[in-house]
Each structure stands twice: as structure tokens, then as C-alpha cells.
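Engineer: Before we start, here is the structure in question, set down as C-alpha cells.
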Amino acid sequence: MGSHSHGHHSDVTLRVNGKPRTLTVDHRRVLLDVLRDDLDLPGAKKGCDHGQCGACTVLVDGRRVNSCLLLAVCLDGCDITTVEGLAGDGEEPHPLQRAFLERDGFQCGYCTPGQICSALGAVAEAEAGHPSHVTDPALPSGRPVPLDRDEIRERLSGNLCRCGAYPRIVEAVEDVIR
Amino acid sequence: MPEPATAPGAPAERREGRLKVTGSARYAAEHPSPGRLQAWPVPAAVARGRVTRIDTAAALDLPGVVTVLTPDDAPRLAESDDATLAVLQDARVPHRGWFVALVVAESLEAARDGAAAVHVAYAAEEHDVTLTETHPAGYVPEQANGGYPAVREQGDPEAAFASSETRVDVRYRVPPLHNHPMEPHTTTAHWEDGRLTVHTSSQGSGVVRAVLAQLFELDEERITVHAEHVGGGFGSKGTPRPDVVLAVMAALRTGRPVTVALPRRFLPAVVGHRAPTLHRLRLGAAPDGRLTSLLHEVTTHTSHVKEFVEQAATPARVMYAAASSRTAHRVVPLDVPTPSWMRAPGEAPGMYALESAMDELAAELGMDPVDLRVANEPETEPDSGKPFSSRHLVECLREGARRFDWDRRDPRPRTWAEGDLLIGTGVAAATYPVMMWPSKASARALPDGTFLVRINAADIGTGSRTVLAQIAADVLEVPLERVRIEVGSTELPAASLAGGSSGTASWGWPVHEACTRLAALLGDRSGPLPGQGLATEADTAGRADADSPYARHAFGAHFAEVAVDTVTGETRVRRLLGVYAAGRILNARTARSQFVGGMVMGLGMALTEGSTVDAAFGDFTESDLASYHVPAHADVPDIEAHWVDEDDPHLNPMGSKGIGEIGIVGTAAAIGNAAHHATGVRFRELPLTPDRILTGLTGR
Ligand code: FES
Ligand code: FES
């Protein structure tokens, strides 16, 4: 799918939570602002706009990214999943969302969509055998990395929570990987 | 009979939780608003002086830029009590980062580009931003924050100290700290048919409305302020900040909705910070550990915009029995941003210093630090002589010691090593006053068997919706699901702001009362309810704010275990445990989250959080989340929070004390004391970063 460009704007098509969305974006516009302001999907939060807090984390082609650091114009044809798209079509929230509720893995809730998307990305990375800073180097490479608490903490450290819900967030993630 | 989830203390799930985990909770910038404009402020680039000229031509030429507000043409504001809100009113620059213009544009990108294209010329003046104890501009204020007298004295503290058998005379330093709630300060304002509607990220929409009415000389009836979901505040959203005023001005100018979402790195200069505090502690004691004299003297800074004095010496007026004492504040006005409230203003830095000094005294005496605190337990509040409404500090210390296995500790410092790591444990006490303000609430019984409770409480993440609904359900003796609750809007019965850990007490009281009246009305009648149901109201004015013959405070104890890496200088917390006596705990699940959240912030204060006022440039060096390190997942171990049952009839109908702030009080001291126990070195300046640790360990 080619993007059509006119001056400082281009047309792009993003698949957002399974639905194709075609829009004309300012070349300076980041994915986060497209989601929040153009597509009325405010689940991804803006905490810093600089890649420092993780509140804007979404999944692009299954990988977690800071959407405040990605120019929307570069994402033509990409698959984007935001917190709004996790539950699927059903009424029931995603098991990780449910676990956050049960564990009280949040207070103000502003970091929460980012924590949830980031955790799903992290679980997939571990599943695919990506090591982290705390992974035992003796583990066979390419095999799924088991996620203990230290692994979860390390892998989620890009997602700040000023309310300090960290211990409960780690428990919520443990609940869904067990 | 009430359902189990209704019973006071039951761990009911957050009512708005589902909205938050699915991304459907809308915060201040997230309400659909057709035609909305975005704005970007221009911060002053000098630390003191005047704006001599602002050239907006280049900015206005950019596509998408709609207008630029400057001190020359911005709407005029009436006086308010808060001079930090007098933005764009004159050419004066009181500190670096003060806003000197606002660019309003069709998109965020255009607004940001526009702000970069605004040319501002200044007449800069010499600035002074460096706080010292002996600064010649320092003075003793009339009051410290919270209305506390700046100085209190009992007996003859100097003489008593001089003649004490054991003495500790130490200085502690706490740097400026930043609240940094995850949602930056954000406001969307819209004028329509002479009415102003504001969505803002605030701890109290009622205060926002009152201040806007003052500044823009409007009837409050013409203003509606919503703050339904708020991404944290920690004091920095207690009263309106410049984003509110700028958004309203810009909406007035353009006739369109305008959002001002402050960029993260602008926050430290304009939303308040915890002022740095320099502490001198002198503790004199008899051989049995009893304090003979306690002197806590604090020097802090404020801005030239308004006076704010961090009341860091006040906890020493509550904590320990000392025949002689002096607690005093001194403040130095500098060319710095205006400090304000940050979680437990006063108590957080004050108890860091006091509880660290108590640990030093315990070491001097060769006494266990828990026992030293127990030995100094007062009969009545030391400063006022009032009886305590309840005080279970000793129980917290004992219970914490038991859970933490404190008795197995070798009291000698530097006796526990694991490879390059030195391990140590520490303890500190915590306290926070009970505060309550008058509020109103209404309760309505509807014909379908449900109930509607309305109150302009704020839920900044504390779970106030949930706990207020529990209070209502408990009084009405109905299942929690049958109670609906509305909070976070000035359309609702007026209530106090979320600050000073006062929310549950201040709001729960009128909810309790309105529901009690409603239950009585319902009990008196039979047959179906009229169509609109039955309604009651309550107002606690004159009662919630009445003077109490009792000294009312929550207490707690924190225990920490740290590992100090002797090679890298890194300190890590391995265990952290808090035990609290804070009245009746109304929701175990959300209460635990608040306690733990406070401790996490205390961990940050101890190890990583610290801001520097740059002497040359006059602003905070660590202004964003990359340079100002708030704790991340990897910094935070499992944390335990417990509480002891407390039955206090002198508080409010629920018997509750506030719990939002006590978790940060004393935590940094417990961690610092653990670092001393680990290393044998006293570190008296926060945070305990590797450079300080290595310097301490090597003596260089
Ligand atoms: S908003 Fe993207 S990382 Fe903070
Ligand atoms: S829940 Fe408030 S920042 Fe994480």
C-alpha cells in the first residue's frame, strides 16, 4: 500500500485494533497523537512525549513500542493494537486486564494501558526467547525464557507508575503467565 | 444484612477500574471536542529580569498557528490569592521557566513549532538561587505551610541540650523533589453562550471553579469544572496551576475549545515542587534514652512570587516526649520556581531528618532504635499538651519488628556481607495529622431499589468512589452494587479537595450522614417510592472543621533492608515493610495500594529522586523523567503493608484517619538507617546515589 504525499502531509492506512483506518497525517505527527486525537482512542496515554515513561506503549505488528516516538507516516500498513483492542469482540476484558482489576494493579490508572500493553509485549518476547539483562546467560538461547519476578520487573522497567503500583502489577502479570 | 463486599474494610474492587484497564476512562485532554485547538507555552529563558520585546510574526506565519498570547495582549485577570496564576499579566520574569507566551494552533505540531518561532528579548538581571543556612535574606516567617507557627519552644532547649549526657548534633539535607504525576497538568476549556466548561486534571474541581470565578470575574454558576479521572497529583494538582488559566484565556481569545497539556519538562518550574530543606537536629538524652532536649531547625527556600514554607519541623512537635524543645523554620526567598505541596509536605522531609537523628542517638546510647522510640512515647501531644485521640505507634513498631524479624538483627553496623554487598536493616517511625474539611453530599433512593450518592469528591487514584460507595452501602444496609456514585464535577454537591489525606474523612462524613437520614426516611414509610425517589442531603460545615480537644494523628513504622554494593556504590532495597495505625481501614485492597504507593515514593526519595537548582542557569537540572529518576519496576521489591486495628471515636462517623501520605513519611529514614547499618557510614544527604555512597565508603 503506497502512501500518497502532498506537501507536509501524507495519506497512510493503519490497521488499528483490526480495522483499517486511512487518514492524512502531518509528517511530524506521532502515532500517539494520531490514536488519541484523530482516532479518538485515548487509551494510550501521554506521560512525557519523549520515550521516558512508557505510558504510550502500544503493540505495532505485535511488538511493544513507545507510540510517542513513532512518526505515523512511517507506519503505513502496520497492525496496531491499543488497550482498547485487547478484549477482542467480547464483553469480557482480556485476562491481564482482569488480573489488574483483581490485584489492584493501579491507582490513578494513567500508566495502566501502557503497563498492560507492555506486559503483553514482554511476555511474547520472553516466549520467543529474547533474553533480558537479568536472564541467566546459561539458559539455552532461542528457548522461551521463564518469567520470574525479577524478569518481569526488569522487562517492565520502561513503564513508570508514579502511584507505585509496581508490586501489584508484577502479581497481575504472574497471574496470567502461570 | 450487608453483603460481605459492603462491610467496612472489605476489599471491594475499584468502581472505575474496568474503565481504567480498558482505556475507556477519559482524562482531561480526552473528551471529544470538535474544533479543539492545542496550545504550547513558551517558558522564560532567563532566571530573573523582564521581557523587553516579544516578536510573534514568524510564529503567526506558520501554517496552523491561530494566535499567540503574550503579556502585551493576553486577557487581564483580576487578583487572586495565588500569584503563580497571574500568567501573561506583565513583563516580569520571576524565575526561569515562568511562562511568557502561549501559542495556540490547529494541531500540537503547529503549536510546538510556533512556540519555537516566538522570539523573546529579555533584560536579564543577576539572579540568586542558592540556598544556604546563613543566607542573609533568610527570615523567620509568620507561619509555615498548614498554618503552623514557625517557631515553638518549650523549656530551655539550648541549656538542656548542653547539659545532656548523650548528645547528637547533626545536619541533614533533602534536595528539591518533583511530584511528577503520570498525567501532566492538563486542561481543556470551552466557552459557549457565556458559559465556561473546563475539563481539568485536578485534586479539587471546586477550588478550580472558585479561582476561575475570581480571576475572570465570573459568577460561579456560569462555570462548570469536571475532573472525573485524574492521573495522579500528589499535591501538585491541589489548586489550579497555570494550565487552567492559560486554557481559559486561549478559549476566550479564540472562541474555540483549547487544550493546554503541559509538556513534561515544563512541569518542575510551574506546578510546584518540594522545597529543599536544610535540617539541624540536636538531640540530648539521659542514659536511659529519654530525651532531655530536642531541637529541630529547618531552613528552606521560597520564590519571589509567593511564600511557601515547607513545615518540616512540625512532626517533632508530635513525636516524642522531651522536656525542652525548639522547632523552628527559616525561609530564604530566591529567584526559584515556587514550591508547593508534595505528598506529606513537612512530614516527609522532617521525619527523614528526625528519624535519622533518632537512629544516630540510638547508636550513641547503644540502645535498640525501636526501644529508644518506645522509651520516648509521650503521654500527651508534646507541643499542645492535648491528649491523643488514639496513638498506637508502639504497637506499630512492635508488630513491624515481629514481622520483620527485627530481633534477629545484629545491632553492630557492617557485620553482614554477601560478596561485594553490605547488608543492613533500619527502622523509622511515621506520623501524619488527621485533617478534615466541610463537605456536602446527597443521597437518593430510587423506585427501582437503587441508590444514587452525589458528591464533588475527587478520585485521583485513591479509590474514593469505591470507599464512599461502601460507606453508603454499609449505612443503607444494601448490597454495594445497588449504590451508584457520582464524583468529580462541580455539578455535584460541593466538597473539599483531595489533599492532606483528608478525602475519605471529609467526604465520607456527609455521605454517611445523608445515607443515615435516608435510611431513617425509608424506615418510616411503606409502599412504593414516588417517581423521583426520596432524597436527603448533608453538610458538615462547622463540624468537620471544628477544633478538637484531641490531638489527632495517624502513626506508623517502617522497616527496610538494603544491600549496598561496595564496588558500584549502588544501594538497593531488598525488603520494605510498613505497619500503620490509621483509624478504621475502610477498604483493605485500595488502602494497601495507597500505603505501598507512599512507600514506593519514599524509596525514590531515599535512593534516586533529587533535583538540583543550577546556580548558573537558575532552573532545575533534572526536569524530565529521564534525568529525575522516579522508581521503576526494577527498583521496587515486594513491599508489605499492614495495619493495626484502631477504634477512635473522636474522628468522624467512620472512625477513619487519612492514609494517602503516611506511607512516604519516615520511609527514606528507614532506608538511610539501613544503609548506615550496612556500611557503618552515616549518609546525611539524599538521595543515596552511588557517588555519595562511594565517597562515604572510601572517605574521599
Ligand atoms: S509518552 Fe511515550 S514514553 Fe512517555
Ligand atoms: S496507576 Fe497512577 S501512575 Fe500507575
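Engineer: Name the residues in region A:69-105 that are within 16 Å of ligand 2 (Cβ to nearest atom) and open to solvent by less than 60 Å² (accessible area, probe 1.4 Å), would you? Full working, then the answer.
Structural biologist: The initial filter retains those residues of region A:69-105 that are within 16 Å of ligand 2 (Cβ to nearest atom), namely A:83, A:96-97, A:99-105.
Across region A:69-105, the qualifying residues are A:Val83, A:Leu96, A:Gln97, A:Ala99, A:Phe100, A:Leu101, A:Asp104, A:Gly105.
Engineer: I need the full set of residues from region B:13-65 which are open to solvent by 50 Å² or more (accessible area, probe 1.4 Å) and either away from chain A (no Cβ under 14 Å) or acidic (Asp, Glu) (or both), in order please. Don't jump to the end; show me each part of the working.
Structural biologist: So in region B:13-65, the residues open to solvent by 50 Å² or more (accessible area, probe 1.4 Å) come out as B:13, B:15, B:18-19, B:24, B:26, B:32, B:34, B:45, B:48, B:50, B:52-53, B:55, B:57, B:60-63.
B:Glu13, B:Ala45, B:Arg48, B:Arg50, B:Thr52, B:Arg53, B:Asp55, B:Ala57, B:Leu60, B:Asp61 - these are the residues of region B:13-65 that are open to solvent by 50 Å² or more (accessible area, probe 1.4 Å) and either away from chain A (no Cβ under 14 Å) or acidic (Asp, Glu) (or both).
Conditions (1) closer than 23 Å to B:Glu106 by Cα; (2) of a type in the set (Val, Ile, Thr); (3) not assigned by TED's automatic domain parsing to the domain that holds B:Ala101, marked per residue:
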{"position": "B:His199", "(1), (2), (3)": "yes, no, no"}
{"position": "B:Gln203", "(1), (2), (3)": "no, no, no"}
{"position": "B:Phe216", "(1), (2), (3)": "no, no, no"}
{"position": "B:Glu228", "(1), (2), (3)": "no, no, no"}
{"position": "B:Leu246", "(1), (2), (3)": "yes, no, no"}
{"position": "B:Leu278", "(1), (2), (3)": "no, no, yes"}
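Engineer: Which one of these is open to solvent by less than 50 Å² (accessible area, probe 1.4 Å) and within 14 Å of chain A (Cβ to nearest Cβ): B:Glu513, B:Glu561, B:Glu609?
Structural biologist: On the way: B:Glu513 fails: within 14 Å of chain A (Cβ to nearest Cβ); B:Glu561 fails: within 14 Å of chain A (Cβ to nearest Cβ).
Exactly one residue qualifies, and that residue is B:Glu609.
Engineer: Which numbered condition in (1) open to solvent by 60 Å² or more (accessible area, probe 1.4 Å); (2) closer than 20 Å to B:Thr187 by Cα; (3) in contact with a helix residue (DSSP H, G or I) (Cβ under 6 Å, 6 or more places away or on another chain) is the only one that B:Leu102 fails?
Structural biologist: The single condition B:Leu102 does not satisfy is (1).
Engineer: What residue, of B:Pro637, B:Pro649, is open to solvent by 40 Å² or more (accessible area, probe 1.4 Å) and more than 27 Å from B:Val129 (Cβ to Cβ)? Can you show your working first?
Structural biologist: On the way: B:Pro637 fails: open to solvent by 40 Å² or more (accessible area, probe 1.4 Å).
That would be B:Pro649, the only listed residue that is open to solvent by 40 Å² or more (accessible area, probe 1.4 Å) and more than 27 Å from B:Val129 (Cβ to Cβ).
Engineer: Find the strands (runs of 3 or more DSSP E) located wholly in region B:195-280 whose residues include 1 or more that are closer than 23 Å to A:Gly114 by Cα and modelled with pLDDT of 95 or more, and list them. Please lay out each step first, then the result.
Structural biologist: Details: elements: B:195-200, B:223-226, B:258-261.
It comes to B:195-200, B:258-261.
Engineer: Pick out the one residue from B:Ala312, B:Ala348 that is in a loop (DSSP other than H, G, I, E, B), within 15 Å of B:Tyr172 (Cβ to Cβ) and open to solvent by less than 10 Å² (accessible area, probe 1.4 Å).
Structural biologist: On the way: B:Ala348 fails: in a loop (DSSP other than H, G, I, E, B).
None of the others qualify; the one that does is B:Ala312.
Engineer: Filter region B:684-699 for residues that are assigned to a loop (DSSP other than H, G, I, E, B) and farther than 15 Å from B:Glu609 by Cβ and give the result. Show your work before the answer.
Structural biologist: Applying the first criterion (assigned to a loop (DSSP other than H, G, I, E, B)) to region B:684-699 yields B:684, B:686-689, B:699.
B:Arg684, B:Gly699 - these are the residues of region B:684-699 that are assigned to a loop (DSSP other than H, G, I, E, B) and farther than 15 Å from B:Glu609 by Cβ.
Engineer: Something else about it: What number goes with the only condition from (1) surrounded by 15 or more Cβ atoms within 10 Å (Cβ to Cβ); (2) outside the structural domain of B:Val248 (by TED's automatic domain parsing); (3) in contact (Cβ under 8 Å) with a residue 12 or more places away in the chain that B:Pro149 does not pass?
Structural biologist: (3)
Engineer: Turning to a different aspect of this structure: Please verify whether region A:114-128 includes one or more residues that are in contact with a Phe, Trp or Tyr (Cβ under 6 Å, 6 or more places away or on another chain), at the interface with chain B (Cβ under 7 Å from one of its Cβ atoms), of a type in the set (Val, Ile, Thr) and crowded, with 16+ Cβ neighbours inside 10 Å.
Structural biologist: Taking region A:114-128 first, the residues in contact with a Phe, Trp or Tyr (Cβ under 6 Å, 6 or more places away or on another chain) are none.
Checked region A:114-128: no residue is in contact with a Phe, Trp or Tyr (Cβ under 6 Å, 6 or more places away or on another chain), at the interface with chain B (Cβ under 7 Å from one of its Cβ atoms), of a type in the set (Val, Ile, Thr) and crowded, with 16+ Cβ neighbours inside 10 Å.
Engineer: Can you report the number of residues in region A:40-56 which are more than 6 Å from ligand 1 (Cβ to nearest atom) and open to solvent by less than 10 Å² (accessible area, probe 1.4 Å)?
Structural biologist: Result for region A:40-56: 4.
Engineer: Here is a further query. Pick out the one residue from A:Asp37, A:Asp33 that is part of a helix (DSSP H, G or I), away from ligand 1 (no atom under 11 Å from the Cβ) and at the interface with chain B (Cβ under 9 Å from one of its Cβ atoms). Reasoning before the result, please.
Structural biologist: Details: A:Asp33 fails: away from ligand 1 (no atom under 11 Å from the Cβ).
So the residue among A:Asp37, A:Asp33 that is part of a helix (DSSP H, G or I), away from ligand 1 (no atom under 11 Å from the Cβ) and at the interface with chain B (Cβ under 9 Å from one of its Cβ atoms) is A:Asp37.
Engineer: Same structure again: Within region B:447-457, can one find any residue that is over 30 Å from the mean Cα position of the chain (by Cα) and open to solvent by 50 Å² or more (accessible area, probe 1.4 Å)?
Structural biologist: Among the residues of region B:447-457, at least one is over 30 Å from the mean Cα position of the chain (by Cα) and open to solvent by 50 Å² or more (accessible area, probe 1.4 Å), which makes the answer yes.
Engineer: What are the pairs with Cβ atoms under 8 angstrom where one residue, in region A:151-178, is over 15 Å from A:Thr112 (Cα atoms) and the other, located anywhere, is at pLDDT below 95 and of a type in the set (S, T, N, Q)? Sequence gap at least six, or different chains.
Structural biologist: Close Cβ pairs satisfying both conditions: none exist.
Engineer: Also: Select from region A:85-113 the residues that are aliphatic (A, V, I, L, M) and at the interface with chain B (Cβ under 7 Å from one of its Cβ atoms) and write down the one among them that is farthest from A:Cys53 (Cα to Cα). Walk me through how you get there before you give the answer.
Structural biologist: Going through region A:85-113, the residues aliphatic (A, V, I, L, M) turn out to be A:86-87, A:96, A:99, A:101.
From the residues that got through so far, the ones that are at the interface with chain B (Cβ under 7 Å from one of its Cβ atoms) too are A:87, A:101.
Working: A:Ala87: 24, A:Leu101: 22 Å.
The residue in question is A:Ala87.
Engineer: So B:Ser439 fits all but one of (1) under 30 Å from B:Glu165 (Cα atoms); (2) in contact with a helix residue (DSSP H, G or I) (Cβ under 7 Å, 6 or more places away or on another chain); what number is the exception?
Structural biologist: Unmet for B:Ser439, out of (1) under 30 Å from B:Glu165 (Cα atoms); (2) in contact with a helix residue (DSSP H, G or I) (Cβ under 7 Å, 6 or more places away or on another chain): (1).
Engineer: In region B:145-184, what count of residues is obtained for those that are aromatic (Phe, Trp, Tyr) and within 14 Å of chain A (Cβ to nearest Cβ)?
Structural biologist: Here is the first cut: in region B:145-184, the ones aromatic (Phe, Trp, Tyr) are B:148, B:161, B:172.
If we keep only those that are within 14 Å of chain A (Cβ to nearest Cβ) too, we end up with none.
Number satisfying all stated conditions: 0.
Residue by residue, here is whether (1) open to solvent by 10 Å² or more (accessible area, probe 1.4 Å); (2) in contact with a His (Cβ under 6 Å, 6 or more places away or on another chain) holds:
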residue: B:Thr239; (1), (2): yes, no
residue: B:Val244; (1), (2): no, no
residue: B:Val248; (1), (2): no, no
residue: B:Leu252; (1), (2): yes, no
residue: B:Gly255; (1), (2): yes, no
residue: B:Ala261; (1), (2): yes, no
residue: B:Phe266; (1), (2): yes, no
residue: B:Gly272; (1), (2): no, no
residue: B:Ala275; (1), (2): no, yes
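Engineer: B:Leu196 - would you say it is surrounded by fewer than 24 Cβ atoms within 10 Å (Cβ to Cβ), among the hydrophobic types (A, V, I, L, M, F, W, C) and away from ligand 2 (no atom under 16 Å from the Cβ)?
Structural biologist: Values: surrounded by fewer than 24 Cβ atoms within 10 Å (Cβ to Cβ): yes; among the hydrophobic types (A, V, I, L, M, F, W, C): yes; away from ligand 2 (no atom under 16 Å from the Cβ): yes.
Judged against the criteria, B:Leu196 is a match.
Engineer: Look through B:Gly542, B:Gly500 and report the one residue that is out of contact with any helix residue (DSSP H, G or I) (no Cβ under 7 Å at 6 or more places or on another chain), open to solvent by 20 Å² or more (accessible area, probe 1.4 Å) and at positive phi. Give the derivation first.
Structural biologist: Values: B:Gly500 fails: open to solvent by 20 Å² or more (accessible area, probe 1.4 Å).
Answer to the selection: B:Gly542.
Engineer: (1) within 26 Å of A:Ala55 (Cα to Cα); (2) without any contact (Cβ under 8 Å) to a residue 60 or more places away in the chain; (3) more than 10 Å from chain A (Cβ to nearest Cβ): which one isn't true of B:Ala626, the others all being true?
Structural biologist: Against the list (1) within 26 Å of A:Ala55 (Cα to Cα); (2) without any contact (Cβ under 8 Å) to a residue 60 or more places away in the chain; (3) more than 10 Å from chain A (Cβ to nearest Cβ), B:Ala626 comes up short only on (3).
Conditions (1) modelled with pLDDT of 95 or more; (2) in a strand (DSSP E or B); (3) farther than 18 Å from B:Thr516 by Cα; (4) within 14 Å of chain A (Cβ to nearest Cβ), marked per residue:
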| residue | (1), (2), (3), (4) |
| --- | --- |
| B:Ala457 | yes, no, yes, no |
| B:Val467 | yes, no, no, yes |
| B:Ile471 | yes, no, no, no |
| B:Val478 | yes, no, no, no |
| B:Arg484 | yes, yes, no, no |
| B:Leu492 | yes, no, yes, no |
| B:Ala495 | yes, no, yes, no |
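Engineer: Under 6 Å by Cβ, and 6 or more places apart or on different chains, what pairs join a residue from region B:420-436 that is free of Cβ contacts under 8 Å to residues at least 24 places away in the same chain and closer than 21 Å to B:Ala401 by Cα with one that is assigned to a strand (DSSP E or B) and open to solvent by 20 Å² or more (accessible area, probe 1.4 Å)?
Structural biologist: Between residues of region B:420-436 that are free of Cβ contacts under 8 Å to residues at least 24 places away in the same chain and closer than 21 Å to B:Ala401 by Cα and residues that are assigned to a strand (DSSP E or B) and open to solvent by 20 Å² or more (accessible area, probe 1.4 Å), there is no close pair.
Engineer: From the list A:Arg63, A:Arg98, A:Arg103, exactly one residue is of a type in the set (D, E, K, R) and under 8 Å from the mean Cα position of the chain (by Cα). Which is it?
Structural biologist: Among A:Arg63, A:Arg98, A:Arg103, only A:Arg63 is of a type in the set (D, E, K, R) and under 8 Å from the mean Cα position of the chain (by Cα).
Engineer: Within 24 Å of B:His301 (Cα to Cα), without any contact (Cβ under 8 Å) to a residue 24 or more places away in the chain and in the same structural domain as B:Ala321 (by TED's automatic domain parsing), is that true of B:Pro136?
Structural biologist: Working: within 24 Å of B:His301 (Cα to Cα): yes; without any contact (Cβ under 8 Å) to a residue 24 or more places away in the chain: yes; in the same structural domain as B:Ala321 (by TED's automatic domain parsing): no.
Judged against the criteria, B:Pro136 is not a match.
The values are calculated or read from the model by the stated rules, or taken from the named source; none is laboratory data. A quick note: this is a predicted structure, and the numbers were derived from the prediction, not measured. FYI the Cβ positions are ideal-geometry reconstructions off the backbone, even for glycines, and counts take in every protein chain you see. Heads up: the accessible areas ignore ligands, DNA and RNA and are worked out on the full protein's heavy atoms, side chains in. Shrake-Rupley method; radii C 1.70, N 1.55, O 1.52, S 1.80 Å.
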